[in-house]
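Step one of this worksheet: look at the structure below.
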Amino acid sequence: DQQVKQNSPSLSVQEGRISILNCDYTNSMFDYFLWYKKYPAEGPTFLISISSIKDKNEDGRFTVFLNKSAKHLSLHIVPSQPGDSAVYFCAALPAGGTSYGKLTFGQGTILTVHP
Amino acid sequence: NAGVTQTPKFQVLKTGQSMTLQCAQDMNHEYMSWYRQDPGMGLRLIHYSVGAGITDQGEVPNGYNVSRSTTEDFPLRLLSAAPSQTSVYFCASSPRTGTKNQPQHFGDGTRLSIL
């Protein structure tokens with residue numbers, strides 16, 4: 001039972017264009033969402049997050065949108081750069097004070113940005 | 001700063017052997033977690049700890065043991081290795097704060113093959 005789903009295994013975009021990575025979740029108890037970026041042979045690194053009380057959070061070239069009614073979030077990267085090529089994981093945290101160590105991850109999307 | 005350090009980076013075991021994957025963090029984080037990454041499944045939580053002496057099971061705990069005797073260390077033990085435990089294992093840590101605005105920091109992983 002995959003509670004966080006990234007249905008696109010891969011995405012290819014041209015440098016300078018927008019990259020849109022999608023994520024869906026099924027568990028209504030999730031109240032905080034994060035995006036991680038992972039390069040080969042390295043651990044995931046935190047990229048951006050959003051609380052369920054917001055519908056948008058922006059950090060430089062990265063913007064995350066949350067649609068609670070649709071249980072859907074997306075990560076927009078504008079403009080995309082070749083260095084953005086990596087695997088992107090969507091992750092979610094449940095409500096509750098001791099939930100910080102319990103991330104639920106999606107399957108990941110491989111983003112390739114072509115020069 | 002070392003951050004989260006995992007050892008070894010690579011290991012090959014025979015079925016039935018036991019071993020311990022080491023994880024150490026130097027950030028004085030209360031929360032520590034172990035995940036495994038398998039193709040097409042993202043990262044799945046094995047065990048987690050909210051502080052020294054306190055551990056709990058995640059999504060896929062069978063075949064693994066953990067203990068947390070110090071804040072810094074969170075070893076993961078495979079009791080009797082099975083081919084299904086072939087995976088990449090990631091350790092992560094995060095501070096205990098009043099908000100969820102403190103993402104987890106990941107180590108670079110241990111690639112484990114069970115023959």
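Assorted remarks:
- Condition broken by A:Ala95, with the remaining ones in (1) in contact (Cβ under 8 Å) with a residue 12 or more places away in the chain; (2) open to solvent by 20 Å² or more (accessible area, probe 1.4 Å); (3) small (Gly, Ala, Ser); (4) away from chain B (no Cβ under 12 Å) satisfied: (4)
- Residues (open to solvent by less than 40 Å² (accessible area, probe 1.4 Å), over 10 Å from B:Cys23 (Cβ atoms) and in contact with a His (Cβ under 8 Å, 6 or more places away or on another chain)) located in segment B:72-98: B:Ser94, B:Pro95
- A count restricted to segment A:25-56 and to residues that are open to solvent by less than 50 Å² (accessible area, probe 1.4 Å) and part of a strand (DSSP E or B) stands at 15.
- Output for segment A:57-89, where each listed residue is of a type in the set (Gly, Ala, Ser) and open to solvent by 70 Å² or more (accessible area, probe 1.4 Å): A:Ser69
- The residues of segment A:5-23 that are in contact with a Leu (Cβ under 9 Å, 6 or more places away or on another chain) and either assigned to a strand (DSSP E or B) or under 14 Å from A:Gly83 (Cα atoms) (or both), listed by number, are A:Ser10, A:Leu11, A:Ser12, A:Val13, A:Ser19, A:Ile20, A:Leu21, A:Asn22, A:Cys23.
- Pair list, Cβ under 8 Å, 6 or more apart: segment B:5-22 residue in contact (Cβ under 8 Å) with a residue 12 or more places away in the chain and at positive phi, other residue of a type outside the set (D, E, K, R) and surrounded by 14 or more Cβ atoms within 10 Å (Cβ to Cβ): B:Gly16/B:Ala81
- Members of segment A:26-46 that are farther than 16 Å from B:Gln102 by Cβ and touching a residue at least 60 places away in the same chain (Cβ under 8 Å): A:Asn27, A:Met29, A:Phe30, A:Lys38
- Some residue of segment A:102-111 being open to solvent by 70 Å² or more (accessible area, probe 1.4 Å), within 15 Å of the chain's Cα centre (by Cα) and within 14 Å of chain B (Cβ to nearest Cβ): yes
- Restricting segment B:35-71 to residues that are of a type in the set (Phe, Trp, Tyr) and surrounded by 21 or more Cβ atoms within 10 Å (Cβ to Cβ), the residue that is farthest from B:Gln6 (Cα to Cα) is B:Tyr48.
- Candidate set from segment A:10-24 (those that are of a type in the set (A, V, I, L, M, F, W, C) and open to solvent by less than 30 Å² (accessible area, probe 1.4 Å)); member that is farthest from B:Thr110 (Cα to Cα): A:Val13
- Whichever residue in segment B:63-115 is closer than 12 Å to B:Leu13 by Cβ and within 11 Å of chain A (Cβ to nearest Cβ) and, among such residues, is farthest from the chain's Cα centre (by Cα): B:Arg111
- Of the residues making up segment A:48-68, just one is among the hydroxyl-bearing types (Ser, Thr, Tyr) and at pLDDT 95 or above, namely A:Thr63.
- Of the residues contained in segment B:12-34, one or more are found to be within 11 Å of another protein chain (Cβ to nearest Cβ), touching a His at 6+ places or on another chain (Cβ under 7 Å) and crowded, with 20+ Cβ neighbours inside 10 Å.
The values are calculated or read from the model by the stated rules, or taken from the named source; none is laboratory data. Here the structure is a predicted model, which is why all the values come from computation and not from measurement. When we count neighbours, we look across all protein chains shown, and the Cβ atoms used for this are built from the backbone with ideal geometry, even at glycine. Accessible surface is based on the protein model in full, side chains and every heavy atom, while ligands, DNA and RNA are left aside. Shrake-Rupley method; radii C 1.70, N 1.55, O 1.52, S 1.80 Å.
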